[in-house]
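Data block below; observations after.
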Amino acid sequence: MSNRPAPILADAKTAAQLLCMKPGEFLGLVEAGHLPRPCRVGDFERWHVGDLERIATGAAIDGQGEITW
C-alpha cells in the first residue's frame, strides 16, 4: 500500500493513464468534446479525477433516466 495520497487533479499524462490511453488519444477526445476540458490552476491545466471517474463509470450521464438493458 502506498503512502502517496490519491490525486484530486491530474495533468494530461496522468489523466490519460487513468483512462488507459496515450496522452495524444486523451487530448484528442478532449478537443472533440467527448471528455471535459481542464480547469486552470495558476499556469497549469488540470483535470478533476472525480469527473474522469464519473465518466468512466457512466455516472456522469445526466437526464437519461433509468436505463434497462
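Readers should treat all values here as calculations from the given coordinates under stated rules, not as data from a laboratory. The shown structure was predicted, so the numbers you read here are calculated from the model rather than taken from an experiment. When we count neighbours, we look across all protein chains shown, and the Cβ atoms used for this are built from the backbone with ideal geometry, even at glycine.
Per DSSP H run of at least 4 residues, take -39500 (n - 2.57); add these up for the chain, divide by its residues and hand me the 222 nm value, nearest 500 deg cm²/dmol. Before the final figure, lay out each step's value.
On the way: 3 runs with 25 residues, N = 69.
Here the helix-only value at 222 nm equals -10000 deg cm²/dmol.
So if I place +1 on the C-beta of Lys and Arg and -1 on the C-beta of Asp and Glu, and nothing else carries charge, what would the dipole magnitude of segment 1-63 be about its Cα centre? I want it in debye, nearest 20. Please list the in-between numbers first.
Values: 7 positive and 8 negative charges, 34 e Å.
I would put it at about 160 debye.
If you take the square roots of the eigenvalues of the alpha-carbon gyration tensor of segment 18-62 and sort them as a ≥ b ≥ c, do you get rounded (a/c under 1.5), prolate (a/b over b/c) or oblate? Please report the intermediate quantities before stating the final value.
Working: a/c = 1.71, a/b = 1.26, b/c = 1.36.
Here segment 18-62 falls in the oblate category.
Along the charge dipole of the chain, Cβ charges K/R +1 and D/E -1, which of Ala10, Gly28, Gly58 sits furthest on the positive end?
Ala10
List the relative contact order of the chain as a percent without decimals, with contacts defined as Cα pairs under 8 Å and 6+ residues apart. Please list the in-between numbers first.
On the way: 52 pairs, mean separation 21.0, N = 69.
In percent, rounded to a whole number, it is 30.
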